[in-house]
1. Pull up segment 199-220, narrow it to residues that are in a strand (DSSP E or B) and in contact with a Leu (Cβ under 9 Å, 6 or more places away or on another chain), then point me to the one that is nearest to Lys325 (Cα to Cα).
2. What pairs come up if the first residue lies in segment 94-119 and is farther than 18 Å from Ala52 by Cβ, the second is charged (D, E, K, R), and their beta carbons are under 6 Å apart, counting only those six or more places apart or on different chains?
3. Take Gly256 and decide whether it is open to solvent by 30 Å² or more (accessible area, probe 1.4 Å), touching a strand residue (DSSP E or B) at 6+ places or on another chain (Cβ under 8 Å) and of a type in the set (Gly, Ala, Ser).
4. Picking from Val282, Val314, Val327, which residue would you name as being in contact with a helix residue (DSSP H, G or I) (Cβ under 6 Å, 6 or more places away or on another chain) and under 25 Å from Val33 (Cα atoms)?
5. For segment 274-287, name all the residues that are buried (at least 19 other Cβ atoms within 10 Å of the Cβ) and more than 10 Å from ligand 1 (Cβ to nearest atom).
6. Find the strands (runs of 3 or more DSSP E) located wholly in segment 253-346 whose residues include 1 or more that are farther than 22 Å from Ala190 by Cα, under 25 Å from the mean Cα position of the chain (by Cα) and among the aromatic types (Phe, Trp, Tyr), and list them.
7. Given the options Gly40, Gly29, Gly36, name the one that is within 30 Å of Ala165 (Cα to Cα) and outside any helix (DSSP H, G or I).
8. Evaluate the following for Trp111: is it within 25 Å of the chain's Cα centre (by Cα), aromatic (Phe, Trp, Tyr) and part of a helix (DSSP H, G or I)?
Amino acid sequence: MLRAVRRRLPARVTNLTLLVALVLVFATGVGAVATGSARGRWIVLGHGAFAALVVVLAPAKIRIVRAALRRHRASRFASLLLAALIVVALVAGVLHSTGLVRSIDGQPTLWFHIAFALALVPLLVWHLVARRVLPRRTDASRRVLLRTAWLVGVAAVLDTGATLATGAAGLPGPRRRFTGSYELASFDPAGFPGTIWLADAVPEVDPAAWRLTVVDADGRRDLTLMELEELTATGVRRRALLDCTSGWYTVQDWDGVRVGSLLPDRSAARSLLVHAVTGYWVRFPLDDIDRLLLATAVGGAPLTPAHGYPVRLVAHGRRGYWWVKWVDRIELSADPPWWQPPFPLT
Ligand SMILES: Nc1nc2c(c(=O)[nH]1)N[C@H]1C(S)=C(S)[C@@H](COP(=O)(O)O)O[C@H]1N2
Ligand SMILES: [Mo]
């Protein structure tokens with residue numbers, strides 16, 4: 001058995017195992033961006049563990065690459081670029097998760113991690129097509145399975161060791177939330193950044209002309225800013241945790257009106273669409289409505305334009321991109337909650 005464990009994997013199996021590891025890293029990475037509840041902690045832990053498996057497979061892959069480079073294929077530079085992108089994404093991930101480097105040039109390190117990971121996807125797809133390997137029945141031999149299990153074990157030890165070492169070195173990494181985010185400027189509304197998901201932009205808002213449209217089974221109503229402020233004056237203050245996907249979270253006190261109080265009759269509806277004046281939108285399951293707040297103030301002061309003036313959504317328990325800013329319409333809808341892209345497109 002020991003001999004089987006020590007024998008190197010055939011190149012084809014190394015390539016296939018590495019592919020599986022990369023696909024799992026990518027899937028758990030996407031999952032980590034989406035998760036806002038503690039149930040998602042396993043996704044984030046898995047992301048680190050599968051990344052460790054990629055590292056463990058690296059020496060065997062380097063041997064394969066060395067041999068392949070001797071063939072001087074013109075496309076080798078694209079493959080090497082892919083390798084470089086993987087290394088950079090991995091290093092950025094380690095810098096963020098240990099807390100060694102939390103921002104680069106004012107941009108969160110996690111942002112670079114995600115950007116490089118997304119950039120390498122087309123190259124990886126090309127590489128898979130150009131250097132196709134197909135599994136063979138003999139790949140599932142006892143020897144190969146033992147060796148693979150051994151490598152998975154080494155990866156688990158590496159992952160756990162890295163986590164323990166981060167803690168022992170006194171780095172900030174272990175202070176992160178289960179989503180991987182660091183706390184930032186809690187209870188200091190001026191201290192957390194105005195954040196744009198992709199390509200949205202802070203709109204010009206004319207308070208006199210602004211309306212919040214509420215659509216339900218009875219039809220549509222338009223609330224003026226003054227009417228909304230009257231409601232929020234007798235509204236609620238809620239402490240909520242905003243966890244952005246670029247690696248930080250903040251706890252703030254938000255003042256506003258409960259979305260549920262604006263939409264008492266939800267019969268016939270299946271989801272709630274929350275729309276911004278900029279065109280940004282998300283769709284919530286009905287069960288969420290009683291937890292949602294339309295906020296006009298944070299930390300006792302009116303929202304700044306960057307944070308969503310005049311009104312933004314507070315969606316405690318959901319990741320930052322659900323917290324729609326500059327809301328101009330809330331609409332009960334017969335469409336199911338999954339009827340939307342997995343992430344906003346603007
Ligand atoms: N309309 C709109 N709302 C938005 C966004 C956006 O780009 N457009 N970004 C979201 C993201 S990614 C986050 S993390 C939070 C950030 O809120 P903040 O800017 O008040 O920190 O707003 C969310 N609401
Ligand atoms: Mo975000």
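The values are calculated or read from the model by the stated rules, or taken from the named source; none is laboratory data. Bear in mind that the values here come from a model prediction, so they are computed numbers and not experimental data. Cβ coordinates were reconstructed from backbone atoms using ideal geometry, including for glycine residues, and neighbour counts include every protein chain displayed. For the accessible areas, the whole protein counts, side chains as well, though only heavy atoms, and no ligand, DNA or RNA atoms are used. Shrake-Rupley method; radii C 1.70, N 1.55, O 1.52, S 1.80 Å.
1. The initial filter retains those residues of segment 199-220 that are in a strand (DSSP E or B), namely 211-216, 219-220.
Subset that is in contact with a Leu (Cβ under 9 Å, 6 or more places away or on another chain): 211-216.
Details: Arg211: 14, Leu212: 12, Thr213: 15, Val214: 16, Val215: 18, Asp216: 21 Å.
Per the stated criteria, the residue is Leu212.
2. Thr109/Arg102
3. On the way: open to solvent by 30 Å² or more (accessible area, probe 1.4 Å): no; touching a strand residue (DSSP E or B) at 6+ places or on another chain (Cβ under 8 Å): yes; of a type in the set (Gly, Ala, Ser): yes.
Against the criterion (open to solvent by 30 Å² or more (accessible area, probe 1.4 Å), touching a strand residue (DSSP E or B) at 6+ places or on another chain (Cβ under 8 Å) and of a type in the set (Gly, Ala, Ser)), Gly256 does not qualify.
4. Working: Val314 fails: in contact with a helix residue (DSSP H, G or I) (Cβ under 6 Å, 6 or more places away or on another chain); Val327 fails: in contact with a helix residue (DSSP H, G or I) (Cβ under 6 Å, 6 or more places away or on another chain).
Just one listed residue meets the conditions, Val282.
5. Answer for segment 274-287, where residues must be buried (at least 19 other Cβ atoms within 10 Å of the Cβ) and more than 10 Å from ligand 1 (Cβ to nearest atom): Arg283, Phe284.
6. Details: elements: 271-276, 281-285, 293-298, 312-314, 327-333.
By residue number, 281-285.
7. Among Gly40, Gly29, Gly36, only Gly36 is within 30 Å of Ala165 (Cα to Cα) and outside any helix (DSSP H, G or I).
8. Numbers: within 25 Å of the chain's Cα centre (by Cα): yes; aromatic (Phe, Trp, Tyr): yes; part of a helix (DSSP H, G or I): yes.
Yes.
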